[in-house]
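Note sheet for the following structure.
The values are calculated or read from the model by the stated rules, or taken from the named source; none is laboratory data. Everything numeric in this text was worked out from a predicted model, so none of it was measured. Cβ: placed from backbone, ideal geometry, glycine included. Neighbour counts: every protein chain shown. Remember, those area values only see protein heavy atoms, side chains included, never the ligands or the DNA or RNA. Shrake-Rupley method; radii C 1.70, N 1.55, O 1.52, S 1.80 Å.
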Amino acid sequence: MKYFIAIILLVSTEIINAQTNSSDFLAKPYLQIGKKNSPQSIQLLWHAAPSGDVWLAEYKNGDESEWKKSLDLTFSTVAVGSVAPFNVYSTSFTSLKPGTTFQYRVSKNGKVVFNSEGKSLKSADQVYRVVISGDMGAGTNTSKKIAYEIYNAKPDMVAVAGDIVYNRGLLSEYKTKFWPVYNKDDADTSGAPLMRSIPFVAAVGNHDALGRDLNAFPEALAYYYFWDQPLNGPNGKEGGAFVPALIGTDANKKAFYDAAGEKYPRMTNFSFDQGNAHWTVIDSNPYVDWNDSTLRDWLTKDLATAANATWRFVLYHHPGFNSSRAHYEQQQMRLIAPILEKGKVDIVFAGHVHNYQRTYPITFVPDNLGSQLVAGANNIKTGKVVNGRWTLDKNFDGKRKTKPNGVIYITTGAGGQGLYNPEQTTDKDSWQKFTTTFESRVHSFTVMDVNGKTLTLSQVDINGKEVDRIKITK
Ligand SMILES: [Fe+2]
């Protein structure tokens, strides 16, 4: 009898610790896809003050009773600007059963201080649901309610189409507008425990990556030390074709380099597999010079390598095919449309424009591609108009005709910031010819369900109501 009481006491202590020791963390544990590109692996990160504390992370699959230790627990110290230095811890769970729920816990100095459930990534033969949304981390009530609705949709993964956190991608902005909303302890209309239970993956937007003046904003580019995503894209050179020069004193630069480690500058162009899909994530900021063959060749090769995946999705921030008056001239991503078509990309997801738009399946031929690839005088700040001719597959209706001929471009930037051009929603004459659906009267996010060769996209608004739905089949 005493034995059972002892066990109950032990379990109770663990639960109490898990609930009360939140001050152990500067950011509570959250899942990332990491670098291993395997449905058996997932990465766990958390932030804590530097100290002599001994940390331990353990996990077990749903049908297991024994806890397994995580692998390769490491940390990097972030000491930028006037922020008190802290550590970003990172460790791997490597023996997960794909597509299942697993338990994990984090201990400090022998005491459990956090526990949660997580969902592992899917293998190619499993069904899955991904939520895609951009322009999320605004810290508005709208952002928070969207987080809650995303949680209610029960996705297996969230893909953020850039502008992860406003207004400058700063460390302190993550603290106020991101972690408390997307990794909240409980779910209500002010946020949800999303990031501790499913991986988020993100493309950088202008608000995450354009600001490179570390003297003015030493906490900028926090993306590079808070996210853990694959490092399998080309490693650009600072000041080169797709990595802008950093501005800052040697001390400010060193502080940033130390915090970011090997993730800077590589971690903005990468790819990974989830379920039967291949995802390619691209930095669409206007500083990228698509005339440079390094990035173009990598993208071409990456998509060719993914030829055996059932689906190919691309995630970036700036939509090339946008009907909003806002940001209309920022069309630089049209330049890679031929590469995406050749690589048999099914859907491109973007944000930046704060509303929802869906195009017909498009085939696009830029005029004089070679000359258009050269950056224009204003290219660095905004983007550029890209002229060309498009062919639209108007037979595809997503209901009876479900096999598109061309790439479908989704703009899903209504994840929290103020909506753009709501007046255009009912003014079809104001839409470009490639647009078939436009909704800017309400905030919304994209829910994608994939079951083998059948895919359903639905756009869900802030009240949980569906505003668009299509089916795509192979
Ligand atoms: Fe943006």
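Only one residue in GLU64, GLU14, GLU58 is at pLDDT below 95 and within 20 Å of SER197 (Cα to Cα), so which one is that? Reasoning before the result, please.
Working: GLU64 fails: at pLDDT below 95; GLU58 fails: at pLDDT below 95.
From the options GLU64, GLU14, GLU58, the qualifying one is GLU14.
Taking the stretch 395-429 as the search range and keeping residues that are in contact with a Phe, Trp or Tyr (Cβ under 7 Å, 6 or more places away or on another chain) and of a type in the set (A, V, I, L, M), which one is farthest from ASN463 (Cα to Cα)? Out of the qualifying residues, it is ILE410.
Residues of the stretch 270-318 being within 16 Å of the ligand (Cβ to nearest atom) and in contact with a His (Cβ under 6 Å, 6 or more places away or on another chain), which ones? Those that are within 16 Å of the ligand (Cβ to nearest atom) and in contact with a His (Cβ under 6 Å, 6 or more places away or on another chain): SER284, HIS317, HIS318. Looking only at the stretch 383-400, decide whether some residue is modelled with pLDDT under 95 and within 25 Å of the chain's Cα centre (by Cα). Yes: one or more hits.
Checking each residue in the stretch 440-460 for being of a type in the set (D, E, K, R) and touching a residue at least 40 places away in the same chain (Cβ under 8 Å) picks out ASP449, LYS453.
Checking each residue in the stretch 416-461 for being farther than 30 Å from ASP188 by Cα, buried (at least 17 other Cβ atoms within 10 Å of the Cβ) and of a type in the set (S, T, N, Q) picks out GLN424, THR435, THR436, THR437.
If the condition is being touching a helix residue (DSSP H, G or I) at 6+ places or on another chain (Cβ under 8 Å), over 16 Å from ALA79 (Cα atoms) and outside any loop (DSSP other than H, G, I, E, B), then the stretch 207-253 contributes ASP208, ALA209. In the set ALA251, ALA216, ALA259, only one residue is buried (at least 18 other Cβ atoms within 10 Å of the Cβ), farther than 28 Å from GLU329 by Cα, hydrophobic (A, V, I, L, M, F, W, C) and away from the ligand (no atom under 16 Å from the Cβ); that residue is ALA259. Any residue in the stretch 295-307 that's touching a residue at least 24 places away in the same chain (Cβ under 8 Å) and within 11 Å of LEU340 (Cα to Cα): show its pairings with residues that are open to solvent by 70 Å² or more (accessible area, probe 1.4 Å) and part of a helix (DSSP H, G or I) at Cβ separation under 8 Å, as long as the two are six or more apart or on different chains. If the second residue must be open to solvent by 70 Å² or more (accessible area, probe 1.4 Å) and part of a helix (DSSP H, G or I), the pairs left are THR300/LYS342; LEU303/LYS342.
Please go through the stretch 186-231 and give me each residue that is of a type outside the set (D, E, K, R) and free of Cβ contacts under 8 Å to residues at least 40 places away in the same chain, ordered by number. Within the stretch 186-231, ALA187, ASN215, ALA216 meet the criteria. The condition of being closer than 26 Å to VAL407 by Cα and open to solvent by 30 Å² or more (accessible area, probe 1.4 Å) holds for ASP292. Among the residues of the stretch 62-72, the one identified as assigned to a strand (DSSP E or B) and surrounded by 16 or more Cβ atoms within 10 Å (Cβ to Cβ) is LYS68. Among the residues making up the stretch 319-349, a single one is within 14 Å of the ligand (Cβ to nearest atom), more than 19 Å from the chain's Cα centre (by Cα) and in a helix (DSSP H, G or I): GLN332.
Taking the condition open to solvent by less than 20 Å² (accessible area, probe 1.4 Å), within 16 Å of the ligand (Cβ to nearest atom), modelled with pLDDT of 95 or more and more than 15 Å from the chain's Cα centre (by Cα), does ALA203 pass? So that I can check it myself, show each step before the final result.
Values: open to solvent by less than 20 Å² (accessible area, probe 1.4 Å): yes; within 16 Å of the ligand (Cβ to nearest atom): yes; modelled with pLDDT of 95 or more: yes; more than 15 Å from the chain's Cα centre (by Cα): no.
No, not satisfied.
State yes or no: is TYR360 in contact with a Ser or Thr (Cβ under 7 Å, 6 or more places away or on another chain), within 16 Å of the ligand (Cβ to nearest atom) and modelled with pLDDT of 95 or more? In short, no.
Scanning the stretch 279-308 for residues that are touching a strand residue (DSSP E or B) at 6+ places or on another chain (Cβ under 6 Å) and of a type outside the set (A, V, I, L, M, F, W, C) gives THR280, ASP302. Taking the stretch 144-170 as the range and being open to solvent by less than 10 Å² (accessible area, probe 1.4 Å), assigned to a loop (DSSP other than H, G, I, E, B) and either away from the ligand (no atom under 16 Å from the Cβ) or closer than 13 Å to PRO193 by Cα (or both) as the test, only PRO155 passes. When GLY464 is tested against (1) at pLDDT 95 or above; (2) open to solvent by 10 Å² or more (accessible area, probe 1.4 Å), exactly one condition is not met: (1). Scanning the stretch 171-206 for residues that are small (Gly, Ala, Ser) and not in a loop (DSSP other than H, G, I, E, B), we see that the one that is farthest from ILE462 (Cα to Cα) is SER172. For the stretch 20-50, the candidate set comprises residues that are of a type in the set (S, T, N, Q) and within 16 Å of VAL113 (Cα to Cα); within that set, the residue that is surrounded by the most Cβ atoms within 10 Å (Cβ to Cβ) is ASN21. Scanning the stretch 171-183 for residues being open to solvent by 40 Å² or more (accessible area, probe 1.4 Å) and either away from the ligand (no atom under 16 Å from the Cβ) or polar (S, T, N, Q) (or both) gives a total of 4. Residues that are open to solvent by 50 Å² or more (accessible area, probe 1.4 Å) and in a helix (DSSP H, G or I) are absent from the stretch 118-140.
Say whether the condition of being within 24 Å of ALA277 (Cβ to Cβ) and open to solvent by 10 Å² or more (accessible area, probe 1.4 Å) is met by at least one residue in the stretch 86-96.
First, pick out the residues of the stretch 86-96 that are within 24 Å of ALA277 (Cβ to Cβ): 92-96.
Right, trim to open to solvent by 10 Å² or more (accessible area, probe 1.4 Å) and you get 94-95.
Within the stretch 86-96, one or more residues are within 24 Å of ALA277 (Cβ to Cβ) and open to solvent by 10 Å² or more (accessible area, probe 1.4 Å).
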